[in-house]
Amino acid sequence: MSLGADVADHISAPGLLKNSPSAHLYDTGAVIGDHGARLENAVACALLKKLHFIEDTTGSQVALHYLRDKEKHEVDFIPLIDKLPTMLIDVKMSANRFSPSLFKFRKYFGNIKTYQIVFDLKRRRGKDDSRMLPAHEFSVNI
C-alpha cells in the first residue's frame with residue numbers, strides 16, 4: 001500500500017508500500033494522457049480546493065494521499081484532516097460495479113465513507129456506506 005507517513009500511522013496492512021510518486025497539476029489542460037488521467041486530475045483539483053478551504057477556515061492540517069499495495073490494488077485518493085483519513089475515493093471513466101480495492105482498503109479504516117466517481121455513470125449506486133456517483137455530482141457536492 002502506498003501512502004504518506006501520516007496515513008501509515010492509522011493503518012496496519014500487509015504489503016505496505018511507501019513513497020510511490022503521484023503527481024497532479026492545477027492546470028488540467030496540461031495533463032498528458034487519456035481522458036481518465038484528466039478526470040482523475042480534475043477530481044484531485046476539486047479535493048484540494050475543498051481541503052485548502054478547510055485549512056484556511058479552520059486551521060486544520062490537511063493532506064491528500066493515495067493507497068496502493070504490492071498486488072497493485074489502488075485507491076486514487078484519501079484526504080486527511082488533522083492526520084485522520086476522512087474518505088476513500090476511486091475515479092473511473094466507466095464502471096458498472098464497485099472497485100474491489102475500495103472494500104479491500106476500507107476494512108483497515110473502520111467506518112469510513114467510500115466513493116467511486118464515474119464519468120459516464122448511468123445510475124447512482126450504493127452498497128453499505130459506499131456510493132457510486134457521477135463525476136459532475138461529486139465535484140459539485142464535495
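Each reported figure results from applying straightforward, stated rules to the coordinates on display, with no laboratory input. Remember, predicted model here, so these are calculated numbers, not experimental data. Note: ideal-geometry Cβ built from the backbone for every residue, glycine included; neighbour counts use all protein chains shown.
Structure notes:
- FRET efficiency for the K113 to M93 pair, using the beta carbon distance and R₀ = 25 Å, is estimated at 0.70.
- Zone residues, the range 117-142, relative to H35, backbone N less than 11 Å from point 7 Å out along Cα-to-Cβ: 119-121
- Compared with the direct C-alpha span, the chain from R124 to A46 gains 26.1 nm at full extension, assuming 0.36 nm per residue.
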